[in-house]
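Encoded as structure tokens, the structure appears first; notes follow it.
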Amino acid sequence: MNQRKLTMNIGMISFMVVFIILCLVTFSILSLVSANSNLMMTQKRLTHTSDYYALSSQGEQQLAQIEARLYDLYFSSSSKQDYLAQLKTLQDIDPNMIIEDQTIQFEITQDDLKLTVELEAAYPGHALYTLKSWKVVPSATWQPEQGIDIL
């Protein structure tokens, strides 16, 4: 009589197992690369943010010194013309400060950031000055970190 032999197709099962393992390894490597990239970007962002706030803090401190000096100038001056004429003495705070008419400008640079502040001194009424601009910009030109090889 005819006997049937039971045969298993082990080749197809082995192929499926190898394929599944390769897929899992590929996805795990992609996940690891993505996590590493996110970590590096987060560290750069953290450094940039802490530099930004340190620079802003220095700007606020210098602005407080200017405000205190403007307050003293107001009480030591006899008229508006005398007050405006004494504005040049603010350069004692920062020799690099630019004072033209009633406009006061100063810059603070830290690492790769630069804070530029411009304010207009007012004869005191409601305020000692009006803040015209407060800009934080990169102090260096942008350089790409890596190139892309196309061919």
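Where a number appears in this text, it was derived from the coordinates with a stated rule and is not lab data. Worth saying up front: this structure is predicted, and the values here are computed from it rather than measured. A quick note on method: Cβ atoms are made from the backbone with ideal geometry, for glycine too, and the neighbour counts reach across all protein chains shown.
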**Request:** Grab the beta carbon distance between Glu145 and Thr42, set R0 = 22 Å, and tell me the FRET efficiency rounded to 0.05.
**Result:** 0.90
**Fill in**
Among beta bridges assigned by DSSP with both residues in the chain, the antiparallel ones amount in percent, to the nearest 5, to 100
**Asked** For the stretch 1-90, what is the convex hull volume of the alpha-carbon atoms per residue, in Å³?
**Response** 115
**Prompt:** Among Trp142, Gly125, Phe19, whose Cα sits farthest toward the positive end of the charge dipole of the chain (+1 at Cβ of Lys/Arg, -1 at Cβ of Asp/Glu, about the Cα centre)?
**Reply:** Phe19
**Request:** Give, rounded to the nearest 20 debye, the magnitude of the charge dipole that the stretch 45-151 has about its Cα centre when Lys and Arg contribute +1 at Cβ and Asp and Glu contribute -1 at Cβ.
**Result:** 280
**Request:** Compute the acute angle (0 to 90°) between the alpha-carbon long axis of helix 10-76 and the principal axis of greatest extent of the alpha-carbon atoms of the chain; round to the nearest 10°.
**Result:** 0
**Prompt:** If you look at just the Cα atoms of the chain, how large are its Rg and its Dmax in Å?
**Reply:** 33.0, 128
**Complete:** For Ser50, placing the label point 7 angstrom along Cα-to-beta-carbon and taking the stretch 91-121, residues whose amide nitrogen sits under 17 Å are 110-113
**Fill in**
Summed over the other residues with a beta carbon less than 15 angstrom from that of Arg45, with K and R at +1 and D and E at -1, the charge totals -3
**Prompt:** Non-local amide H neighbours of Gln102 (under 5 Å, H modeled in plane, Pro and chain starts lacking H): which ones?
**Reply:** none
**Prompt:** If R0 is 25 Å, what FRET efficiency do you get for Tyr74 and Asn96 from their C-beta distance, rounded to 0.05?
**Reply:** 0.55
**Prompt:** Each label point is 7 Å from the Cα along the Cα-to-Cβ direction; what then is the distance between the points at Lys132 and Val18, in nm?
**Reply:** 7.4
